[in-house]
Structures are given as C-alpha cells and as structure tokens.
Amino acid sequence: MAEMEVKESKRKGPGVKKSKKHSTRVDLTPMVDLGFLLITFFIFTTTVSQPTAMNLNMPKDTKDKNLDTKVKESGSLTLMLGKDNIIYYYYANDPSKMQTTGYKAVRDIILKKKKSTPAEDLFIIIKPDKDATYKNAVDILDEMDINDITRYAMVDPTPEEYNMIQQTEVAGGVK
Amino acid sequence: MARAKIKRGSTSVDMTPMCDVAFLLLTFFILAAQFKPTEAIEVNPPMSVSNRVAPEKNILNVTISKDNKVYLIMDPLIKGDVLDELGKQRNISFSAQDKANFERTDFVGVPLNQLKQFIQLKPGEAKGADLPGIPVDSTNNELAAWISAAINARMGQQLNFLIKGDDRAKYPTFKAVIEAFKANDQYKYNLVTNSKAVPEGSELYKKNRAAQTDKKTTE
C-alpha cells in the first residue's frame with residue numbers, strides 16, 4: 001500500500017494544538033507513466049538493431065575472351081570511384097570525355113542513362129580505383145539496387161584511366 | 001437537519017500494483033535485453049537499403065577494419081575442424097591444448113606464423129587494433145588458406161560468407177578479400193551493412209510499392 005498509516009498518539013493533552021495532517025498518499029501516476037514509457041522504449045530498441053546483409057555475386061574469372069560479357073557501346077556508362085568520394089564518369093567507350101560528380105548526384109546520372117537507353121543495352125561498369133573506400137563501393141552497389149539496375153559489373157580501371165584520374169585529381173587539388 | 005450520510009468510496013485508485021507490474025516488466029526487459037558485446041574489432045559498416053537480415057548460422061565472417069587489417073570470425077562449431085584442416089594443409093601440428101585455446105578465441109587476427117602465440121592470449125586480451133591482421137597480399141594470401149580450410153572442414157555444407165567492412169577501409173583490401181574467396185571458387189557473399197530506408201520516389205521504392213499493392217489485391 002502506498003499510504004502509510006500514521007498512528008495518532010493518544011497522549012494529547014488539553015493544551016496541545018492539533019497540527020493539521022497532510023495526506024501521506026503519493027500520486028503514483030507519473031511514476032507508472034515513466035515505467036511504461038521505458039518499457040515501450042526497451043521493447044522497440046531490442047529488435048531493431050539487427051545488421052542486414054547485401055548480396056554480392058561475383059563472376060568467375062575467365063581467361064577466355066569469348067566468355068566475356070559483351071557490352072554495347074551505346075548502352076554503357078562507366079563510373080570510376082576516386083579519392084575523396086568523387087565519381088568520374090563517361091559514356092560509351094570514351095574516357096577522354098570524363099566528367100566529375102559526387103555520390104548524391106550520381107543517381108540522376110544513372111536514371112537519365114536508364115531512361116535514354118533500351119533496358120537490354122544498359123550496362124553500368126563500376127571501376128573503383130585504389131583510393132576508393134569500401135563505403136564507396138557499397139554505396140555504388142546500393143545505388144544499383146535503388147535504381148533497379150540489373151546489369152552491372154565491377155572491374156578495375158585500366159592504367160590509362162587510373163592515370164587520368166590521378167591527373168584530374170592533381171589538377172583539381174584533391175589530396 | 002439530520003440527514004443520513006452516504007458513505008462515499010474514494011475515487012482515487014491505488015496505483016501501487018500497476019506500478020509494481022510496470023517496474024517488474026521494466027526490470028525484466030532490461031535484464032533480458034542482450035546488450036551488444038563490446039567488440040574486439042571496431043567496425044562501422046556502411047549503410048544500404050537491403051532489408052535482408054544477415055545470416056547468423058554457418059558463418060565465416062571476414063572483417064575489414066578501418067586501417068585495412070583483415071580478421072576472420074568463424075562459427076564456433078567448425079573452429080576445431082578448421083584448425084585441423086589448416087594444420088594438414090600447412091603441415092603445422094597443433095596439440096590438443098592449442099586446439100582448446102583456439103576454440104576459445106573470438107577471432108583470428110594474425111599471420112599463421114604468429115598463430116601459436118596468438119592463441120595463448122586470453123579472451124578479451126586480444127584487441128583487434130594491436131594485431132597485424134591476416135595477410136591478404138597477392139603473394140601471401142593466407143586468408144585463402146583459411147577459407148579453403150573452412151570449406152573442407154564443412155565438407156560441402158553451405159557456408160555463409162559474410163564480409164563486414166568499415167566505412168573507411170580502402171577498396172584494394174576488399175578486393176584482396178574477394179580474390180581470396182575467388183581462389184576457392186566462392187562467388188556469393190553477404191556484405192554486412194546497416195539498413196537505411198529506401199529513398200522515396202526511387203525506382204526500388206516504386207517497385208516495392210507495386211509489389212505491396214499486388215499482394216493486397218491478391219489477398
């Protein structure tokens with residue numbers, strides 16, 4: 001019981017003033033409120049923090065050139081992941097027309113390409129260079145998921161492309 | 001003015017039992033909640049929109065730390081077999097004591113030639129940051145040996161390969177890990193990520209919405 005019984009003393013003489021007794025009953029409602037709030041909090045937080053997994057399937061390495069996936073030049077978009085979260089991209093097979101973008105803007109570029117190309121021709125080539133981080137690679141793979149791109153591949157940039165990125169980085173002052 | 005007094009019951013309810021129940025439940029949830037154990041290897045995985053829960057059974061987890069060191073975490077069930085198999089492959093003999101010590105460790109984070117010292121460490125003493133990690137260079141890819149040992153130890157049963165990388169890990173390390181898997185003819189991996197919401201209006205968002213409405217109409 002929340003209230004405490006207060007025993008009145010019987011030794012009350014005639015001259016003793018009766019002091020007014022405050023109720024000792026405590027309102028427990030706020031405490032209960034708090035209790036349930038915490039319970040709700042714990043229930044919600046215990047299940048949420050499970051890590052998720054993203055599927056990644058890599059192709060088998062083949063020496064045989066005939067088994068390589070053929071990509072139509074008109075449908076290809078190459079994204080090169082460079083240092084400092086910068087993406088260098090070019091269309092078709094023309095690295096000299098390389099442009100620069102970031103991870104936020106790349107979605108529009110992918111979507112634009114997707115809209116302008118027949119679905120069976122579209123192919124995105126991802127080339128993370130030595131300075132890209134793991135996060136960059138996962139982000140771009142995630143971007144493929146988000147934009148519902150089914151045909152893409154992850155390969156290394158050619159030495160020429162790597163040099164170009166290096167030069168651009170030096171020119172752009174990216175350390 | 002003599003009027004019969006009706007005794008009025010108090011309208012205030014005694015909250016004590018409710019309060020008791022509330023706190024009992026609270027205590028239960030606090031105690032029952034499994035707090036994330038402090039990890040020996042600190043890794044902050046990137047985000048993805050994937051909503052598949054990472055597998056927890058039959059796992060072989062390759063963790064890449066922020067300073068590009070590679071660690072291996074195995075399903076406790078296969079640890080003993082993996083060590084046997086590795087010993088066979090590399091002609092290293094492990095005593096029963098070594099094996100017991102090995103089964104106690106949470107992860108592997110050293111090259112093979114330091115393995116015997118490493119398993120002497122008590123659990124909790126091994127901190128990922130102080131250890132050199134498993135070599136994954138193309139010349140000396142010991143991770144491939146571990147993976148091969150794990151596959152053989154499992155004898156054809158499907159292992160779930162998890163790769164858990166830190167945001168700041170560099171791509172070449174990740175590629176070296178992939179190469180190690182490829183060397184063993186394994187091409188399917190699960191990248192461990194934290195989930196994030198699918199951006200509204202994106203293609204996947206529309207696709208998911210369409211799938212949901214389809215489900216509703218068929219129900």
Yes/no for B:Ala145 being away from chain A (no Cβ under 12 Å), surrounded by fewer than 22 Cβ atoms within 10 Å (Cβ to Cβ) and touching a Lys or Arg at 6+ places or on another chain (Cβ under 8 Å) | yes
Identify the residue in the range B:160-203 that is part of a helix (DSSP H, G or I) and acidic (Asp, Glu) and, among all such residues, is farthest from B:Val53 (Cα to Cα).
-> B:Glu179
Restrict the check to the range B:32-53 and report whether at least one residue is farther than 24 Å from A:Leu28 by Cα and in a helix (DSSP H, G or I).
-> yes
Does at least one position in the range B:204-215 carry a residue that is assigned to a loop (DSSP other than H, G, I, E, B) and either within 21 Å of A:Asn55 (Cβ to Cβ) or not charged (D, E, K, R) (or both)?
-> no
What number of residues within the range A:151-168 are of a type in the set (Ser, Thr, Tyr) and either assigned to a helix (DSSP H, G or I) or within 11 Å of chain B (Cβ to nearest Cβ) (or both)?
-> 2
Return yes when B:Lys127 is touching a residue at least 60 places away in the same chain (Cβ under 8 Å), among the basic types (Lys, Arg), more than 14 Å from every other protein chain (Cβ to nearest Cβ) and surrounded by fewer than 21 Cβ atoms within 10 Å (Cβ to Cβ) and no when it is not.
-> yes
Output the strands (runs of 3 or more DSSP E) that fall wholly within the range A:79-149 and possess 3 or more residues being surrounded by fewer than 19 Cβ atoms within 10 Å (Cβ to Cβ) and at positive phi, or say none.
-> none
Name the residues in the range B:151-182 that are crowded, with 23+ Cβ neighbours inside 10 Å and either closer than 16 Å to B:Leu83 by Cβ or β-branched (Val, Ile, Thr) (or both), would you?
-> B:Ile163, B:Val177
Enumerate the pairs (first residue in the range A:133-148 and over 15 Å from B:Pro199 (Cβ atoms); second residue anywhere and aromatic (Phe, Trp, Tyr) and surrounded by fewer than 21 Cβ atoms within 10 Å (Cβ to Cβ)) with beta-carbon separation below 7 Å, excluding pairs fewer than 6 apart on the same chain, so at least 6 apart or on different chains.
-> none
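Here's the yes/no breakdown for (1) within 29 Å of B:Lys182 (Cα to Cα); (2) at the interface with chain B (Cβ under 9 Å from one of its Cβ atoms); (3) modelled with pLDDT of 85 or more:
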residue	(1), (2), (3)
A:Asn66	yes, no, no
A:Asn85	yes, no, yes
A:Lys112	no, no, yes
A:Pro118	no, no, no
Would you check which residues across the range B:15-34 are polar (S, T, N, Q) and more than 18 Å from A:Thr45 (Cα to Cα) and list them?
-> B:Thr16
What number of residues in the range B:187-198 are surrounded by fewer than 18 Cβ atoms within 10 Å (Cβ to Cβ) and free of Cβ contacts under 8 Å to residues at least 40 places away in the same chain?
-> 2
Conditions (1) closer than 25 Å to B:Glu42 by Cβ; (2) touching a Ser or Thr at 6+ places or on another chain (Cβ under 6 Å) -> B:Asn194 fails only (2)
Reported set for the range A:32-58 where residues are exposed (fewer than 15 other Cβ atoms within 10 Å of the Cβ), at the interface with chain B (Cβ under 7 Å from one of its Cβ atoms) and modelled with pLDDT of 80 or more is A:Asn55, A:Asn57
Pairs under 8 Å by beta carbon, first residue buried (at least 17 other Cβ atoms within 10 Å of the Cβ) in the range B:45-59, partner at pLDDT below 80 and not in a strand (DSSP E or B), six or more apart or different chains?
-> B:Pro45/A:Pro51; B:Ala54/A:Gln50; B:Ala54/A:Pro51
Restrict the check to the range B:10-24 and report whether at least one residue is free of Cβ contacts under 8 Å to residues at least 24 places away in the same chain, of a type in the set (Ser, Thr, Tyr) and outside any loop (DSSP other than H, G, I, E, B).
-> yes
Can you confirm whether the range A:88-107 contains a residue that is under 32 Å from the mean Cα position of the chain (by Cα), at pLDDT 85 or above and acidic (Asp, Glu)?
-> no
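The values are calculated or read from the model by the stated rules, or taken from the named source; none is laboratory data. None of the values given here were measured: they were computed from a predicted structure. For neighbour counting, all protein chains shown are included, and Cβ atoms are generated from backbone atoms with ideal geometry for every residue, glycine included.
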